[in-house]
Structure formats: structure tokens, C-alpha cells
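Since the structure comes first, as C-alpha cells, the remarks are kept for the end.
The values are calculated or read from the model by the stated rules, or taken from the named source; none is laboratory data. What you see is a predicted model, and the numbers here were worked out from it, not measured in a lab. Glycine gets a Cβ as well: all are built from the backbone with ideal geometry, and neighbour counts include every protein chain shown. Note: accessible area is taken over every heavy atom of the protein model, side chains too, but ligands, DNA and RNA are not part of it. Shrake-Rupley method; radii C 1.70, N 1.55, O 1.52, S 1.80 Å.
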Amino acid sequence: MSTITSEELSATTLLRFATAGSVDDGKSTLVGRLLHDSKSILSDQLEAVERASASRGQEAPDLALLTDGLRAEREQGITIDVAYRYFATPRRRFILADTPGHVQYTRNMVTGASTAELTVILVDARNGVVEQTRRHAAIAALLRVPHVVLAVNKMDLVDYREPVFAAIAEEFTAYASELGVPEVTAIPISALAGDNVVDPSANMDWYGGPTFLEHLETVPVSHDLAHCHARLPVQYVIRPQTAEHPDYRGYAGQIAAGTFRVGEPVTVLPSGRTSTISGIDLLGEPVDVAWTTQSVTVLLADDVDVSRGDLIVPTKDAPATTQDVEATVCHVADQPLTVGHRVLIKHGTRTVKAIVKDIPSRLTLDDLSLHPHPGQLVANDIGRVKIRTAQPLPVDSYADSRRTGSFILIDPADGTTLTAGMVGESFASPEPVKETPDDDGWDF
């Protein structure tokens, strides 16, 4: 197994990607094949898979077992939970999320793809595009994943015929373009045989594109933060009150987007109070600038009231605060989401009471039509909601910021996550929020 030096690893870019597809399309086998052929697994891991495969009467090692870690997954031969794997090649580092294919586990795909920069949607060459394929494409579009790969798997079972691949690629690309997916790359593969996964296939000489791994290694990944809206959700207020730091007051959190600099005028939301950054501490050392994903402590020139849940933003680029949130959501809970539902909305580090005021539409996946005013959303439904919050929230459009344009709805009774939401326009046009009275302290 080839080794990668720390210098080479630090110089490579990072790609987060997720796999999705219907049941038995071969997602876990593809991931296992990718790890195996790229020499990203250890010898003892492979030996464990070989023993497990032999105990099940299989002659060849079942590479799907590399990712299907739950006992129930191995017994049933399916993926239930999101399996994360970390691996690297000399050209790039990867964080992979292998998501389930069953309809009832579609909610887990939302989890796995929410931070992905590329989504791989597998299709069985024998079955073509099915409803679950459309659902995964819609979620990828909803989450604004910039790159989508259509992996047409099991080409060996259709004799590697080009017309089969071409028909599936054409149908999926047309559907994805209606959803607004910016880029689709179709690749014919056989995960079981290894065709076009890491090495080019000798059985598909009609295909002249990149292999699956080659595409992952070369797809452009933008980490240019210069034009991002700078956002810092405050997680903790640090006041040591020690002899060494008697007056230290810092506001700690992970930068959600953009760049902050010492001397920059900032606004604290939702209060609207303004100040100037007097210092930034990173890993206990002062720095002049900090950017996305870094965990920092920001010091302000003025004594302003800042607490957990507040959002620090540049004064010149502050989002508007609102109590009326309109969003496209994917409902992930078993219990339905209904009009009048009392919930908690968690946005960044802030959690406030809210009420679902209206559900204007639900998306029909077959033809992308909108079913008006369905009254409720059930598990795995995608639709539009209007929410009224008890306190103002500084929200961005999800199209502008995936971190500060997203939220989750929580059941206040037991803390269950109900819905994942993306603020702004996506599949439906906005409608006026209906004003209806409420009681029990939930009338905002």
C-alpha cells in the first residue's frame, strides 16, 4: 500500500461526497470497491471481510461489508445508517457518506448530503430511473449540491451495452435539469467487477470519459471564501475573570462562512448592536484574520450584550432579521408536520419557539408538479412551509449560504428532529403568510 507524506496530504484538497440510490443498486459495493482498488483499506480489514464473506458461503470477498457496519445491515444486506469513511489518494483527500437506499431511510440521505460538495446517485442498469432516483435527485437539488454524478451500475448484467447507458443518462439528465441541478456527469460502471471504478474498463471501449475515481480526483472544488457572507454563530461567552485576564470577554464559535479581520466593524444580531473587532484568538494565539470552519474567539472593542445564539456579522453585510420564515423542507420524522404544529426551530446556535402557519405545497416527484395546500407533510415529503417564530432570526437565503440558510424543526415534547429546512425559493413561489390566532403563549 502506497503511503502519502504529511506534506503531500496537507497540499491536497478535500472533497466531501455522498452516495445515494435505490435498494440493491450497489452503493456499498461501489464504496467498498473504491476503497479496495485505491488501496485505502488495511490488510486486517480486508481479512475480516474475507472471513465474514466465507462464513456466509461467498467465494469472493463481499466488499459491501467494508461500509455496512451495523449487525442489522450485514444480516439484511442493506444500508440503514449513514456510514462515513475517510480516505486519501496522492491527488485529493475524501470524506465519504454512504447513505441508505430504502425509502424509509431517505431522511438519512439529507444528513449525509447536507455538507457534500458532490453527490453520487447510483442507478441499476436493469431498472433505470425509478422514483427513489428522482427523490434523491430532488434532495441533491434542494441541498444545492454543486456536482452530481450519475453512476449507472451493474453494466455487466446488461452486457455492457451502450444504448442502455445512454437512455438512462438522457432521462436522468433531463429530470435533473428541470430541478436546476447545475452539473451532471454520467459514468457507466460495474462495482462488483470493478469496471470504470478505479481502472478503465476493457468491456466498455465505447466510453471515453473518466473513471469514477478519476472524476472524484479532478472535479473542481471551490474553497474561495472571499465572496462569502461572513457569519459567526456565538456558541459560548468566555470570561476567565482571573488575575492574568481580569477583563477578558471573548465570544467563541466556529465561523460558518466568510472571513473576519481585526478592525472590522461588526453587528450582533438579532439585537442590532454594533462594535469593532479588537482581536481574534485562534488556538490560544492572536491572529489578524480568520475564515470558514475555524473555531475562534472574537473580542470586541465595546462592552455589548452578546450571548449564545447571537450571530456576529460584518456591519456592511448584515442579513435582515425576520419572524416569518419561508422555506423548502424535507420532512424526516415519522409523525406528520401539520399546519398549526408548535415546534422549536434551531438556526445556527439559536433555538426559539415557532409555529407552522401554512404548508402551501408538496412536491410530486414524478412530474415535479406541486400539490397545493396538502395540510400536512409525512416522512420523506418535500414541500414548502411558512413558519412564524417567537423571536427574530437573522436568516440568509440557502442559495447564498448553506450554513446560515438552513435550520431544523424540533418537537418540543421529546427533542425529535422533525424537518430539515432550506430558507428561500426552491420549488414553489411564495404566498402571503396566513395570520391565525393561537394560545398558550404560542401566538407570535
Assigned charges on the beta-carbon of Lys, Arg, Asp, Glu; the stretch 216-374 dipole about Cα centre (debye): 540 debye
Loop only by DSSP, 11 or fewer other Cβ within 10 Å of the Cβ. Give me the GluC sites (Glu not before Pro) in the stretch 164-258 that pass, ordered by residue number. E244
Work out how much length S295 to E425 would gain on full extension: take 0.36 nm times their residue separation and subtract the Cα-Cα distance, in nm to one decimal. 43.8 nm
State, to one decimal in nm, how far the label point of Q323 lies from the label point of S307, with both points 7 Å from Cα in the Cβ direction. 1.8 nm
Taking a spot 7 Å from the Cα of D400 along the direction of its beta carbon, which residues of the stretch 258-272 have an amide N less than 15 Å from it? 258-259, 267, 269
Given a 1.4 Å probe, the accessible area of the stretch 103-198 per residue, as a whole number of Å², is 34 Å²
Using Cα positions and a limit of under 21 Å, work out the lysines in reach of K353, with same-chain residues fewer than 8 apart set aside. K386, K434
Just subtract the alpha-carbon distance of S278 and A174 from 0.36 nm times their residue separation and send over the number in nm, one decimal. 32.2 nm
Expressed in nanometres to one decimal, the distance between label points 7 Å along Cα→Cβ at Y86 and T111 is 1.9 nm
As straight-line cross-link partners of K39, the qualifying lysines (C-alpha separation under 30 Å, not fewer than 8 residues apart within one chain) are K27, K154
Chymotrypsin sites (Phe, Trp or Tyr not before Pro) lying in DSSP loop within the stretch 87-158, provided at most 16 other Cβ fall within 10 Å: none
If you take the charge dipole of the stretch 202-342 about its Cα centre, with +1 on Lys and Arg Cβ and -1 on Asp and Glu Cβ, which of P233, P319, H341 is farthest toward its positive end? H341
For the stretch 201-267, what is the charge dipole size about the Cα centre, in debye to the nearest 20, if Lys and Arg each add +1 at the Cβ and Asp and Glu each add -1 at the Cβ? 460 debye
Inter-probe distance in nm under a simple model that places probes 7 Å from Cα toward Cβ, at L157 and T351: 4.4 nm
